[in-house]
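> Take this structure, written in structure tokens, and hold onto it; I'll ask about it next.
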Amino acid sequence: MRLNTEMRLEIMRFAIAKLDKQRQSFAKVEQQLLVECYNAVVPQATRDKIEELEKFPVVGHKWFEYATALTFNVAGQTVRLGQANIIPPAEKIEFASPYHCWHQTIGTLTLAKHKALVERVRDWQGKTEKEKAAYGTARKTLQQLLKSVSTVEKLKQYWPEGKDFFSSPPCQTRAASEVPAVQIEALNKMLGIETKDLVVD
């Protein structure tokens, strides 16, 4: 059976949905760090005052700007924490922030006196960079793999581990393809599926 554009898109959609679900767990950790950083910078008394002020809206004006992402000065390093990958969007949290009436820009909040939190944010930065790189590589590998084959039978040969993303039991052999085996193994690892033993005819 030949792989048409619609079939390729469907396989891609199923695989990327799994990748996006994994990204969601990263997004939740980022959201938690965002909450902790905001609470560390803005004292509880100030947050209570903000809540109190918002009970008395002023027509034509607003007390504060609200955002789902904020920039922090983390011991001298600028770090942007956001909630771009939070699904559903209704779970995003809004934070009262400084508001500039002319440029409508939100400034940088300084986080310097909280050593343990600073270390967690920096550790998170490193993990996030690796996750983004792995996500991009997995997408690119999958696109190359789907582009390199013209039939479902060939796809079964090249990627038997991907059986959950297309119908019919796959063959247990993997022929040579334009996508190196090491890249396919990396794709499998990112998708959380086991790599079958490589069988060479």
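> Do we find that Ile106 is at pLDDT 75 or above, surrounded by 11 or more Cβ atoms within 10 Å (Cβ to Cβ), assigned to a loop (DSSP other than H, G, I, E, B) and of a type in the set (A, V, I, L, M) in this structure?
Answer is no for this residue.
> Report the residue count in the stretch 1-18 for those that are in contact with a Lys or Arg (Cβ under 9 Å, 6 or more places away or on another chain) and either of a type in the set (Gly, Ala, Ser) or closer than 12 Å to Gly82 by Cα (or both).
The number of residues fulfilling the criteria is 1.
> Give the residue, chosen from Lys55, Lys21, Lys62, Lys28, that is over 16 Å from Leu81 (Cβ atoms) and within 18 Å of the chain's Cα centre (by Cα).
Sole residue among the options that is over 16 Å from Leu81 (Cβ atoms) and within 18 Å of the chain's Cα centre (by Cα): Lys21.
> Considering the stretch 35-76 alone, what residues qualify as being modelled with pLDDT under 90 and among the small types (Gly, Ala, Ser)?
Passing the criteria: Gly60, Ala67, Ala75, Gly76.
> Inside the stretch 71-92, can you point out the residues that are surrounded by 10 or more Cβ atoms within 10 Å (Cβ to Cβ) and over 17 Å from the mean Cα position of the chain (by Cα)?
Once the filter is applied, which keeps residues that are surrounded by 10 or more Cβ atoms within 10 Å (Cβ to Cβ) and over 17 Å from the mean Cα position of the chain (by Cα), the stretch 71-92 yields Thr71, Phe72, Asn73, Val74, Ala75, Gln77.
> Kindly indicate which of Val29, Val35 is more than 30 Å from Asp164 (Cβ to Cβ) and either in a helix (DSSP H, G or I) or out of contact with any Phe, Trp or Tyr (no Cβ under 6 Å at 6 or more places or on another chain) (or both). Spell out how you get there, then give the answer.
Working: Val29 fails: more than 30 Å from Asp164 (Cβ to Cβ).
Matching residue, one of Val29, Val35: Val35.
> Being over 23 Å from the mean Cα position of the chain (by Cα) and at pLDDT 85 or above is the filter here; which residues of the stretch 112-145 pass it?
His114, Lys115, Ala116
The values are calculated or read from the model by the stated rules, or taken from the named source; none is laboratory data. Just so you know, these numbers come straight off a predicted model, no measurement behind them. Don't worry about glycine lacking a Cβ; one is built from the backbone with ideal geometry, like all the others, and counts go over all protein chains shown.
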